[in-house]
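Enquirer: Before we start, here is the structure in question, set down as structure tokens.
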Amino acid sequence: MALLEVRNLSVQFETDDGVVQAVDGISYSVDQGQALGIVGESGSGKSVSSLTVMGLTRARNARISGEIHFDGKDLLAASAEDLRQIRGNEIAMIFQDPLSSLHPFYKIGKQLVEAVQVHQDMTKAQARDRAIEMLGLVGIPDPRKRIDSYPHEFSGGMRQRVMIAMALINDPKLLIADEPTTALDVTVQAQILDLIQRLQSELGTAVVMITHDLGVVAEVADDIAVMYAGRIIEKATKETIFAKPQHPYTWGLLKSIPRLDTPRDQELVPIAGRPPSLIVKPQGCSFHPRCPYRHDACLPQDPPLEPVPQDPGHGVACVLAHDRREQIWAELRSHA
Ligand code: SF4
């Protein structure tokens, strides 16, 4: 049985301008110790879906339907108190900006000790030892001394390491990482991704990595779900997404990431156009206003995610015939 199973999840918000369909019937699962990358532009629904798993959209009066099962528990039916217990203990989350999660006025040691004592029956001294151990594990030099520093005394990369220590201190089964490296420079970003990958394999933690950058999930993920306008439009193993992508939006994302062998003067190709409004979605395929391959068959309805028969486990939501998609991708790749 999967550790996390999300089935047909939809999340809507009532706003003054109308109903925002932020997440529209997505399904995915994550096994113990596995890493899933959820990739999409801002407004694709990738963060809202994960905040809903954590129970954090309830306070925003979200209308939620579908199913979320975690380790045998029905999270949509769980009480607010049960969810509070699960958060930070069985499921932990890290965000792009550690300063928004760390209190600026308290030493990190105090914050780490509190994070342990909320969920575990430990003395202060035991919790402090555990905090020092975790700071060492995430690569903070001289953790016995640095535990008594304030958040602002760390660099951005070191602060993100502190956040990872805080997230993992209670040995959660699942870590949700929402754009954890976006604010960091490229070298530090690579170090943080290495760290997440190392801890995932050492501690056996499952990871959901949310990002706009396919390059980031290339480092960490086993499987990838690509989201657009609140829906998953392609889902497969990482190897398949990079070798045999089938959706025009995924092709656009792949062409917009820098590669190590990309010449410095070669321009990356951003996807033309903007993501659609989630209040009034375009008729038919949500991607059609930006899709160079649109045709009449794209207009009657948004294509559902359907299995690619030639590729078990691979799903794509596009009406183009499989042969045509293969042909287009071969051409795009030859021009890369
Ligand atoms: Fe493009 Fe049509 Fe496929 Fe949508 S269904 S991605 S518009 S070809």
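Enquirer: Scan the range 6-38 for residues that are touching a residue at least 60 places away in the same chain (Cβ under 8 Å) and closer than 17 Å to Leu175 by Cβ and jot them down.
Expert: Answer for the range 6-38, where residues must be touching a residue at least 60 places away in the same chain (Cβ under 8 Å) and closer than 17 Å to Leu175 by Cβ: Val6, Tyr28, Val30, Asp31, Gln32, Gly33, Gln34, Ala35, Leu36, Gly37, Ile38.
Enquirer: Let me confirm something: among Thr181, Thr211, which residue is at pLDDT below 90, of a type in the set (S, T, N, Q) and open to solvent by less than 10 Å² (accessible area, probe 1.4 Å)?
Expert: Thr181
Enquirer: Evaluate the following for Leu253: is it modelled with pLDDT under 95, open to solvent by less than 30 Å² (accessible area, probe 1.4 Å) and not assigned by TED's automatic domain parsing to the domain that holds Gly33?
Expert: Judged against the criteria, Leu253 is a match.
Condition check ((1) assigned to a helix (DSSP H, G or I); (2) in the same structural domain as Leu193 (by TED's automatic domain parsing); (3) within 30 Å of Ala218 (Cβ to Cβ)) across all residues:
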{"site": "Leu76", "(1), (2), (3)": "no, yes, no"}
{"site": "Asp82", "(1), (2), (3)": "yes, yes, no"}
{"site": "Met93", "(1), (2), (3)": "no, yes, yes"}
{"site": "His103", "(1), (2), (3)": "no, yes, no"}
{"site": "Gly136", "(1), (2), (3)": "yes, yes, yes"}
{"site": "Lys145", "(1), (2), (3)": "yes, yes, no"}
{"site": "Ser149", "(1), (2), (3)": "no, yes, no"}
{"site": "Arg159", "(1), (2), (3)": "yes, yes, yes"}
{"site": "Met166", "(1), (2), (3)": "yes, yes, yes"}
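Enquirer: Quick test for you: out of Val186, Val162, Val217, Val226, pick the one residue that is more than 16 Å from the chain's Cα centre (by Cα), β-branched (Val, Ile, Thr) and crowded, with 24+ Cβ neighbours inside 10 Å.
Expert: After applying the criteria, what remains is Val162.
Enquirer: Taking the condition under 20 Å from Ile140 (Cβ atoms) and in a helix (DSSP H, G or I), does Arg128 pass?
Expert: So Arg128 fits the description; yes.
Enquirer: What number of residues within the range 279-296 satisfy the criterion of being within 12 Å of the ligand (Cβ to nearest atom), more than 13 Å from His247 (Cβ to Cβ) and either loosely packed, with under 12 Cβ neighbours inside 10 Å or touching a residue at least 60 places away in the same chain (Cβ under 8 Å) (or both)?
Expert: 2
Enquirer: Is it true that Glu41 is open to solvent by 20 Å² or more (accessible area, probe 1.4 Å) and either among the aliphatic types (A, V, I, L, M) or assigned to a loop (DSSP other than H, G, I, E, B) (or both)?
Expert: yes
Enquirer: On to the next question. Right, Thr237: away from the ligand (no atom under 16 Å from the Cβ), β-branched (Val, Ile, Thr) and either open to solvent by less than 10 Å² (accessible area, probe 1.4 Å) or modelled with pLDDT of 90 or more (or both) or not?
Expert: The answer is yes for Thr237.
Enquirer: Still on this model: Of the numbered conditions (1) within 22 Å of the chain's Cα centre (by Cα); (2) at pLDDT 90 or above; (3) within 16 Å of the ligand (Cβ to nearest atom), Arg274 satisfies every one except a single condition; which is it?
Expert: Single failed check for Arg274: (2).
Enquirer: Sticking with this one: Name the single residue, out of those in the range 297-313 being near the ligand (Cβ under 8 Å from one of its atoms) and open to solvent by less than 20 Å² (accessible area, probe 1.4 Å), that is farthest from Gly273 (Cα to Cα).
Expert: Pro303
The values are calculated or read from the model by the stated rules, or taken from the named source; none is laboratory data. Quantities reported herein were computed from a predicted structural model and do not represent experimental measurements. Cβ sites come from the backbone with ideal geometry, for glycine too, and all protein chains shown count toward neighbours. For accessibility, only protein heavy atoms count, side chains too; no ligands or nucleic acids. Shrake-Rupley method; radii C 1.70, N 1.55, O 1.52, S 1.80 Å.
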